[in-house]
Every structure is written in structure tokens, then in C-alpha cells.
Amino acid sequence: MSISWGTVVRPKTGQTVSGDTFVIAPFAPAGLQVCVIDGLGGGVEAARAAEAAAEVIRAHPGDDPTQLLQRSHHALHGTRGAVMALLTFDLPLRNVTYMGVGNIGVQVYSARSIKPISKNGIIGYRLPHLLKLAYSYNFGDTFVLYSDGVSSRLNLDATINLALSPQSLAERILQLHGKDNDDATVVVVRITE
Ligand SMILES: [Mn+2]
């Protein structure tokens, strides 16, 4: 089995700091935590909020997603707040769970129907009742998490070339669907046999 991923983070036009960030963190014995975080607003304050949540995920990536989001919620008190989504892979079982709060997009390219949704809310301000969605996936499926600096038209784009490597695919998605007026992040993960 091999795991490959690609990532791009691009600040909005005129900014040098992105208020988005991501975490990709393998954990024992055979898991992978993948997270995209969008700090509210922009610039340094947004980046500080996103980074506070990223630190929570990086500290204990194997903890249950519910705990990770609750802990992030507490860590983000006093910040701008953030929206975030987690894909948590159990690699030997070929299972993945999704948990998202707020406006992070997800697109899964699979023969299976894997169409997760997020709950409305803002980490740090208003934590919704958390919903963990579980799926089985196939080897070769491609998972994409993206911030709202990428248009959700991505989900309808039938021209996406899945023969591309995850890194090339992330760059291509940003090129095709990125918006200049917001920070934009794309994370692509593929697990093959
Ligand atoms: Mn945004």
C-alpha cells in the first residue's frame, strides 16, 4: 500500500500570509489524519487561529475527530475562529471518516458514493453537534479537501484528470477553480494498493 498526497496554499491577492493551513499526519498503528483549516477573516489574525487548530491536530493526530474538534474549539477561544474539516483514514481497513464544521469543501473521486457534508458552525465560537460520517473506499480513490478560496464548482467539473499525480492535481484544481479574493488551499490524498 502506498499513500501519496499533494498540497497547495495560496494567499489571497495582495497578502503574503495565508489564513488557511492544513495538516497531514500519519499516526500509529496505521492511520492518517488529513485536515484543512480556514481561519476567519484574513492575514495574521486568521493565520493565528488556523495555526492554533493545526497544533491541536498535530499534537495527537490519532485521537478521535470529535475530541480533536472539541479541543480545537477550546484552543480557539479568543481568536477569530476557524472552519475546518478532517478526513481520518484507517488504512488496513480501507475506512475513512469525515467530520467538518463550516465551509470547507470535500470532493471524493470513487466508484463508491462518498459525499460527506459539514455542519454549520465556527470552531472557537459556535460548535455544532458534531457528525462523524464513515465510508469504505477503494484503492486508487482520490480525496480532495479545499478551502472556500476554491470554487465548489470543482464538484461539478467532469474534466478533472485523475491520471495526474496528487501534487499536479492540487495545482491544477487551484489553477482552474481558485479565487483571487480569498486564501485558497487544496489538499489531495490518494491511497493505492
Ligand atoms: Mn476562506
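Got a sec? Which of Val17, Val36 is within 16 Å of the ligand (Cβ to nearest atom), surrounded by fewer than 18 Cβ atoms within 10 Å (Cβ to Cβ) and either in a strand (DSSP E or B) or in contact (Cβ under 8 Å) with a residue 24 or more places away in the chain (or both)?
Values: Val36 fails: surrounded by fewer than 18 Cβ atoms within 10 Å (Cβ to Cβ).
Residue meeting the stated conditions: Val17.
When Tyr146, Tyr137, Tyr125 are checked against the criterion of being more than 24 Å from Arg48 (Cα to Cα) and of a type in the set (Phe, Trp, Tyr), a single residue qualifies: Tyr137.
Among the residues of segment 146-172, which ones are within 16 Å of the ligand (Cβ to nearest atom), part of a helix (DSSP H, G or I) and touching a residue at least 40 places away in the same chain (Cβ under 8 Å)?
Taking segment 146-172 first, the residues within 16 Å of the ligand (Cβ to nearest atom) are 146-154.
Right, trim to part of a helix (DSSP H, G or I) and you get 152-154.
Passing the criteria: Ser152, Leu154.
Scanning segment 65-90 for residues that are under 29 Å from Ala158 (Cβ atoms) and more than 16 Å from the ligand (Cβ to nearest atom) turns up Leu86, Leu87, Thr88, Phe89.
Would you please name the residue that is nearest to Val44 (Cα to Cα), looking only at residues in segment 177-193 that are within 13 Å of the ligand (Cβ to nearest atom) and surrounded by fewer than 24 Cβ atoms within 10 Å (Cβ to Cβ)?
Initially, segment 177-193 is screened for residues within 13 Å of the ligand (Cβ to nearest atom), giving 178-186.
Now drop any that are not surrounded by fewer than 24 Cβ atoms within 10 Å (Cβ to Cβ), which leaves 178-182.
Numbers: Gly178: 21, Lys179: 20, Asp180: 18, Asn181: 16, Asp182: 14 Å.
So the residue we want is Asp182.
Does Pro11 meet the test of being at pLDDT 95 or above, in contact with a Ser or Thr (Cβ under 6 Å, 6 or more places away or on another chain) and over 23 Å from His73 (Cβ atoms)? Yes: the conditions hold for Pro11.
Could you list all residues from segment 39-60 that are out of contact with any Leu (no Cβ under 8 Å at 6 or more places or on another chain) and buried (at least 20 other Cβ atoms within 10 Å of the Cβ)? Can you show your working first?
To start, the set of residues in segment 39-60 that are out of contact with any Leu (no Cβ under 8 Å at 6 or more places or on another chain) comprises 39-45, 47-48, 50-51, 54-55, 58-59.
The answer is Gly39, Leu40, Gly42, Ala47, Ala50, Ala54.
The values are calculated or read from the model by the stated rules, or taken from the named source; none is laboratory data. All values derive from a computational prediction rather than experimental measurement. Neighbour counts run over all protein chains shown; Cβ positions are idealised from the backbone, glycine included.
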